Amino acid sequence: MVLLESQIKLKTGDIAPDFQLLGVDDKKHTLNEYSGYQGFLVIFMCNHCPYVKAKAEDFNELYEKFGDKIAIIGINSNDSKDYPEDSFANMKKIVKEKEFKFDYLVDDTQEIAKNMVQYALQILSYSITRNS
């Protein structure tokens with residue numbers, strides 16, 4: 001994934017940016033649909049990444065332990081033209097092969113990745129400052 005800078009600047013207390021992304025279940029998903037959970041975990045992942053491949057079992061374990069309390073959402077924002085293994089069709093294959101039960105969504109414009117990473121960095125920064 002290419003390093004991109006977000007144009008969105010968030011402050012502590014801001015709401016996470018919403019999204020509408022296609023899932024491997026062929027349905028559009030929005031952040032709002034996860035509002036019934038205590039929180040959410042977004043995993044920026046892709047099919048070809050060796051780290052993701054190594055952690056597939058851990059993702060399933062997280063879902064089994066916390067999936068009823070925390071929405072677990074995988075988002076693939078890789079460019080499938082540069083990485084054909086990360087295509088939407090291959091995302092569907094990986095979900096079946098790895099038996100992922102959480103939503104796996106495609107961000108083909110990389111816009112959500114840019115916005116969410118900015119949000120995550122702001123939260124991390126706040127957490128570090130608050131606990132120091």
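Summary table below
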{"read-out": "Ala113 hydrophobic (A, V, I, L, M, F, W, C) and free of Cβ contacts under 8 Å to residues at least 24 places away in the same chain", "value": "no"}
{"read-out": "Wholly enclosed strands (runs of 3 or more DSSP E) of the range 5-109 bearing at least 3 residues modelled with pLDDT of 90 or more", "value": "20-23, 28-30, 70-76, 103-106"}
{"read-out": "Residue count for the range 28-44, restricted to those that are aromatic (Phe, Trp, Tyr) and in contact (Cβ under 8 Å) with a residue 60 or more places away in the chain", "value": "1"}
{"read-out": "Looking only at the range 58-80, and only at residues there that are closer than 17 Å to Lys92 by Cα and not β-branched (Val, Ile, Thr), the one that is surrounded by the most Cβ atoms within 10 Å (Cβ to Cβ)", "value": "Asn76"}
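The values are calculated or read from the model by the stated rules, or taken from the named source; none is laboratory data. Predicted, not measured: the structure shown is a model, and the values here were computed from it. Counting neighbours? That spans all protein chains shown, and the Cβs are built from the backbone with ideal geometry, glycine included.
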